[in-house]
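Here is the structure we will look at.
The values are calculated or read from the model by the stated rules, or taken from the named source; none is laboratory data. What you are looking at is a predicted structure, and each value in this text was computed from that prediction instead of being measured. Counting neighbours? That spans all protein chains shown, and the Cβs are built from the backbone with ideal geometry, glycine included. For accessibility, only protein heavy atoms count, side chains too; no ligands or nucleic acids. Shrake-Rupley method; radii C 1.70, N 1.55, O 1.52, S 1.80 Å.
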Amino acid sequence: MIDDKLKNDNPERQRMIMDAALRVFGRRAFGSATMADVAAEAGVAVGSLYTYFPSKEKLLEALIKEGLVCTLTRDLIQPADVSDLDFITNIIVELLAMGQTNMERHLLIYSEIQRQPDFCAEYHRNVIQPTLEQIEKYFKSKIEAGQPSTINTNTAARLIMAMGIGSIILYRTENRQPSAVEMQATARSMAELI
């Protein structure tokens, strides 16, 4: 983790370094990229880079944590005037939007978690698991409130996550970014399947 004192020292430079790292890791892959590559891309001295990130692994860790922690990890609270279908649609829209705004990070993460078990475990612990738990918590609360259901809450949560992640990857393979209207329509169709 980045030392808070250093992080607050020059947030613009830290942002510049992280953006450069994302570009370099995207082009060369994490394993073949070097800190010197990142420093050159960011236009900073290698020593300066190490002031913010003591290793390439810590830099990747910061990229995983920054910008990927889904806002769904907060408590899901359904407003009284919103239907279940609209609420689930909104969850999926949020997942799709998060994927679109962080596409390069997702591709980097999905690539690196296959190679690095520690990063895979961290990504699961900090991003996937909390999001699954919150979605499952929503379904359980509906059942506890007396809504009859034969739904397996864990499966439903995984299905929502899989639809979001799968759509992000499909949009990338199609080399396009859907509009907000298209994401809303896609999410609505997915929610209706659930």
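Modelled label positions at ALA185 and ARG115, each set 7 Å beyond Cα in the direction of Cβ, lie 3.9 nm from each other.
Computed from these coordinates, which is Rg and Dmax of the Cα atoms in Å: [x] 21.7, 82; [y] 29.7, 117; [z] 19.0, 62? Of the listed options [x] 21.7, 82; [y] 29.7, 117; [z] 19.0, 62, [z] comes from this structure. Which of the listed residues, ILE160, GLN100, MET183, is farthest toward the dipole's positive end in the chain, when Lys, Arg count +1 and Asp, Glu count -1 at the beta-carbon? Comparing the listed Cα positions along the dipole, GLN100 ranks first.
Charge tally around ALA29: other residues with Cβ under 15 Å, Lys/Arg +1 each, Asp/Glu -1 each, net +1.
Quick one: length gained pulling THR150 to GLN129 fully straight, 0.36 nm per residue minus the C-alpha distance? So the extension gain works out to 5.3 nm. Backbone phi angles across segment 10-21, fed through the Karplus curve with coefficients 6.51, -1.76 and 1.60 (θ = phi - 60°), yield HN-Hα couplings of 8, x, 5, 5, 4, 4, 4, 5, 5, 5, 5, 4 Hz in residue order; Gly and Pro are listed as x.
Taking the 1.4 Å solvent-accessible surface of the chain as the whole, the part contributed by carbon and sulfur is 54%. Quick one: helix 84-101 against the long Cα principal axis of the chain, what's the angle to the nearest 10°, folded into 0 to 90? So the inclination is approximately 10 degrees. The mean accessible area for residues of the chain, using a 1.4 Å probe and ignoring ligands and nucleic acids, is 53 Å² per residue. Build a GNM of the chain with springs between Cα atoms under 10 Å apart, and of ALA97, ALA45, ALA145 the one that fluctuates most is ALA145.
About the Cα centre of the chain, how large is the charge dipole given +1 on each Lys and Arg Cβ and -1 on each Asp and Glu Cβ? Please answer in debye to the nearest 20.
Once rounded to the nearest 20, the dipole reads 380 debye.
Residue by residue, segment 47-53 carries 3J(HN,Hα) couplings of x, 5, 4, 5, 5, 8, 9 Hz when phi is fed to the Karplus relation 6.51 cos²θ - 1.76 cosθ + 1.60 (θ = phi - 60°); x denotes Gly or Pro.
Considering the dipole of the chain built from charges on the beta carbon (Lys and Arg +1, Asp and Glu -1) around the Cα centre, which of THR131, VAL46, SER141 is farthest to its positive end? Among THR131, VAL46, SER141, the one farthest towards the positive end of the dipole of the chain is VAL46.
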